Structure formats: structure tokens, C-alpha cells
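Working notes, structure below.
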Amino acid sequence: MAWGLLGPREAERIWTRHILNSIALAPRVPDGSRVVDVGSGAGLPGVPLAILRPDLRVTLLDSLARRSEFLQLAVAELGLAERVQVVRARAEEHRSQYEVVVSRAVAPLTRLVPWCSPLLASTGRMVALKGESAGDELAQAQPILRRLALDGSVRELEVPLLGETTWAVEVWRR
Ligand SMILES: C[S@@+](CC[C@H](N)C(=O)[O-])C[C@H]1O[C@@H](n2cnc3c(N)ncnc32)[C@H](O)[C@@H]1O
């Protein structure tokens, strides 16, 4: 069955552009964390992260039924069901807290931060993969961070095996 979750040209760059890019954030996730992947889509970055890091418990959150159905099947097929759960919900309506809130290609920080900050445990952090737009997005989100008593910073990340660099924005409670 074709799920139509990736664009027509994406299959050939699934490893480089999607999977390796996703696991670039792994060093920013502390051992044993409870992690939520907001807007997980086809499972990025949550599924590669969960495979790479058996110490993590991961929730894959997406608002669309079709995507959460795909994720349920993928989690079962990959034998991850003991520590990876799928939740169909909008981030802003989800009511749990996590040590790490990851995301990739979901929304600009100005929208993502208000959605994700209630999901942060008191010592939790958001890690949003942003690529080259990280610095600009963080600058635009500064008024929102101040209003919500949050701090943020851009982190440079190495994309494993490719020798490339990407960037994430991290956000935490003051
Ligand atoms: C462009 S896709 C990116 C998917 C994946 N993170 C990736 O990197 O390929 C954005 C995803 O975010 C989901 N999404 C958008 N707004 C959301 C919200 N408020 N709460 C939960 N999921 C949301 C969409 O359903 C979609 O699957």
C-alpha cells in the first residue's frame, strides 16, 4: 500500500536528507529521557531516534489520522511497541509532559514554541531541527520566549556519516 507520506523525489534521499538528518539531534537528548516527537509525520525524527537509542521512551504525536495509522503499523513492524507509542492529537491539545520535545519541519518557532512549551517537564528542553533558518527563527521568537519565561539557543549539530552540519534551536524554562 502506498501511503503518500513523502514527496515523489524523496525516496532516493531518504537516508541522507531524512534519516541521518533526524539522528543529528541524538547527542542533545539525555540518557533515559521521555521524548515526544511533535508533528512526527512519517516518523521523523522520532523513529530513527528510537531505533538508535534503546534507552529512550518515545511518543510519536501527529494530528492526522492517516499519519498516525501509518506510525502505528511502522512501530509494530519495527518491534518498537514496548517503548514507542503513537498519539493522534494536536500538540496544543496534548496533556502530557516530557524531558525532551523534538520536532522537524512542523511550523515556525513563533507557532511551535507556544504549542510545545506546555509539554516541557520542569527541567525539559525543546530541540527543534531547523537547518539554516535556526538563527532567524530564534530571533523572531524572542518576544514569545520572554512572555513564556523561556530561554533559547542555536546548537550546531553534526550530521552523522555525511560530514555536514545542521542546526537546531533548543528552548528551556528559565
Ligand atoms: C511537513 S510534516 C513533517 C513531518 C516530519 N516531522 C518530517 O520531518 O518529515 C508536518 C507534520 O506535522 C503535523 N502537524 C502539523 N501541525 C500539528 C499540530 N499542531 N499538532 C500535531 N501535529 C501537527 C502534520 O500532520 C504533519 O504530519
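With R₀ fixed at 25 Å, the C-beta to C-beta distance from Val154 to Ser63 puts the FRET efficiency at about 0.40.
Counting alpha carbon pairs within less than 8 Å and at least 6 residues apart, what relative contact order, in whole percent, applies to region 12-173?
22
Could you tell me which of rounded, prolate or oblate describes region 12-173, using a ≥ b ≥ c as the square roots of the eigenvalues of the alpha-carbon gyration tensor, with rounded for a/c under 1.5 and, failing that, prolate when a/b is larger than b/c and oblate otherwise? Cα axes put region 12-173 in the oblate bin. Along region 112-129 the Karplus relation, 6.51 cos²θ - 1.76 cosθ + 1.60 evaluated at θ = phi - 60°, assigns HN-Hα couplings of 5, 5, x, 5, 8, 5, x, 7, 7, 5, 4, 9, x, 9, 8, 10, 9, 5 Hz to successive residues, with x for each Gly and Pro.
Taking packing as the residue-averaged number of other Cβ atoms within 10 angstrom, the listed peptides 126-136, 23-33 run from highest to lowest as 126-136, 23-33. Surface composition of the chain: carbon and sulfur make up 50 percent of the accessible area, probe 1.4 Å. Between amide H atoms placed 1.01 Å from N, distances below 5 Å from Val86 occur with Leu60, all of them 5 or more places distant or on a separate chain.
Per residue, how many Å² of accessible area does region 12-173 show with a 1.4 Å probe? Roughly 49 Å² per residue, with all protein chains present.
The values are calculated or read from the model by the stated rules, or taken from the named source; none is laboratory data. The structure displayed is predicted, hence computed values, not measured ones. Heads up, the Cβs are rebuilt from the backbone with ideal geometry, glycines too, and the neighbour counts pull from every protein chain shown. For the accessible areas, the whole protein counts, side chains as well, though only heavy atoms, and no ligand, DNA or RNA atoms are used. Shrake-Rupley method; radii C 1.70, N 1.55, O 1.52, S 1.80 Å.
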